[in-house]
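These notes are about the structure you will find just below.
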Amino acid sequence: MTYVKFPENFIWGVATAAAQVEGAAFEDGRGPSIWDMFSRIPGKIKNGDIPDVTCDEYHRYEEDVRLMKELGVKSYRFSFSWSRILPDGTGKVNQAGLDYYRRLLACLKENGIMANATMYHWDLPYALQIQGGFGNRKIVEWFKNYARILFDNFGEDVDIWVTVNEPIATFIGYADGIMAPGLADEKYARQCIHNLLVCHGEVVKMFRERNYKHSKIGIVVDIWHHYAERPGNPDDEKMAFTNNEFRGYGMFLNPLFLGCYTEELMEYMKAHDMVPHMEAGDLETICRKMDFYGLNFYNGLFDNADKVIQTEEGEHAGGNVQARPVYYEEALYHVLHMLIDKYHLDIPVYITENGYACSEETAEDGRINDQYRIQYLKNVLGWLHKAMEDGIQVKGYWLWSLIDNFEWSAGFSLKYGLCHTDFETLKRTPKESYYWYQNVIRNNGF
Ligand code: NOJ
């Protein structure tokens, strides 16, 4: 058996996001987000679940930090809830919101856990959505104002700043109607993601002006690489290309790293009358140099043009997850190489998310046996290690997720946690994978 050993200072972590774990949705002055509203539209979330309480981390963060401490992680990736800090998205600051994050950060520090914090993980204040949300160019000023408040208050208390998590969710939310805010207008969606990328670039600029010595900044873009199921079949190849370039990571990585939208994407947008309005200097802003690239990796997907199905189940699969009959962990290896070869990445990579959803867990002697998750994680880490042996600079890995939580349109039905969450009692129970990951961290490998 081969032994997979990671470098000395490799960062092991776990990840969550505000809307998925905090709860306390209407407490202490927090304003509604687009997910609070979207989840109330009948049929949008599986089983009609709403994120009002979720894991109640707002009140139970000390318990969660204790779980992290026992697990041995060096870093916690969480997100700030914009509408907890600015209930109306802009204007009056909610002190209670800032106080919560101050308490959380202090607790992490006391326990020697580095903070990896995302500014925007999909939960736009609803007050901004009714003014057009990301489609309104004013979003750049709104976002900058929010970022300034975060930097002023938490600056170097946050070790790793993420501007935006998975911009694809914003695209889907405006183009396909199956995530918040629930609009179905691709032209508008393309404007939204352009504006979102400008927000990102402006925040990187603001960060640089502050000359922080120790903190780092980057963005998180998930890559679900699509392959032609029948290599060489023109229809499958075309479908995979479209999914990668027009509806997937290509939309973001080209402007972020190469400072342009590809010719193919521009042609596609022109043909459909959906080229976003861009201002002079936008592309330079978007491709400003970051300190790291955050990669969320879950799977590779195989496209077969003869088998396109759109099911209700698909809508409720959660995130941008699609029906996933096959797990293809090797895709991570290809993706990491692609980042270097195609996007000329010259900054370190953090795997900011990776995890496995099991809808059911088998309880044995009160322990929750999630062997499938462990097997999947082993495979992923094996491929990650191989890419690192090739010389690709990957500096950390955050497992999604510490606890079962609100999985967006899949509600509470999809469980990604290392700990089971009982959504009635809110009790957290470590699963087998928790103890397995504890050993991985302890041994810096497996
Ligand atoms: C993507 C997202 O960033 C996160 O919020 C989500 O829960 C996981 N991946 C799993 O789908």
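Remarks
- Solvent-accessible area per residue for the chain (1.4 angstrom probe, square angstrom): 39 Å²
- Within the chain, antiparallel bridges make up roughly 20 percent of the DSSP beta bridges whose residues both belong there.
- Close amide H pairs (under 5 Å, H built 1.01 Å from N) link Met114 with Ser75, Tyr76, residues at least 5 positions away or on another chain.
- For segment 11-443: rounded, prolate or oblate by the Cα gyration tensor [a/c cutoff 1.5]: rounded
- 3J(HN,Hα) from dihedral phi, segment 159-167, Karplus parametrisation 6.51/-1.76/1.60, rounded to Hz, x for glycine, proline: 6, 10, 9, 10, 5, 9, 9, 6, x
- Net dipole in debye of segment 11-443 [+1 Lys, Arg Cβ; -1 Asp, Glu Cβ; about Cα centre; nearest 20]: 1180 debye
- Between segment 384-446 and segment 76-150, the alpha-carbon centres lie 24 Å apart.
- Pairs over the 22 Å Cα-Cα cut-off, from the set Lys5/Lys216; Lys44/Lys270; Lys378/Lys431; Lys238/Lys342; Lys109/Lys216: Lys5/Lys216; Lys44/Lys270.
- Projecting the Cα positions of Ala19, Tyr261, Gly294 onto the charge dipole of the chain (unit charges on Cβ atoms of Lys, Arg, Asp and Glu, taken about the Cα centre) puts Gly294 furthest along the positive direction.
- Selection from Gly201, Asn405, Ile41 lying farthest towards where the dipole of segment 11-443 points positive, charges on Cβ: Gly201
- Using a Förster distance of 35 Å, the FRET efficiency for Lys270-His337 (Cβ separation, nearest 0.05): 0.65
- Burial order of peptide ranges 190-197, 262-269 (average beta-carbon count within 10 Å, highest first): 190-197, 262-269
- Each peptide in 156-162, 78-84, 387-393 was scored by the mean count of other Cβ atoms within 10 Å over its residues; highest first, the order is 78-84, 156-162, 387-393.
- Amide H contacts of Ile217 (H built 1.01 Å from N, under 5 Å, at least 5 apart or other chain): Trp161, Asp291, Phe292
- Candidates Asp282, Asp404, Asp365, ranked by Gaussian network fluctuation over the chain, Cα under 10 Å, top entry: Asp365
- Taking the accessible area of the chain, probe 1.4 Å, and keeping the other protein chains in place, the carbon and sulfur fraction comes to 50%.
- Each of the peptides 341-349, 208-216 was scored by the mean count of other Cβ atoms within 10 Å over its residues; in descending order, highest first, they stand as 341-349, 208-216.
The values are calculated or read from the model by the stated rules, or taken from the named source; none is laboratory data. Everything numeric in this text was worked out from a predicted model, so none of it was measured. Counting neighbours? That spans all protein chains shown, and the Cβs are built from the backbone with ideal geometry, glycine included. We work out accessible area using only protein heavy atoms, side chains counted, and drop any ligands, DNA or RNA first. Shrake-Rupley method; radii C 1.70, N 1.55, O 1.52, S 1.80 Å.
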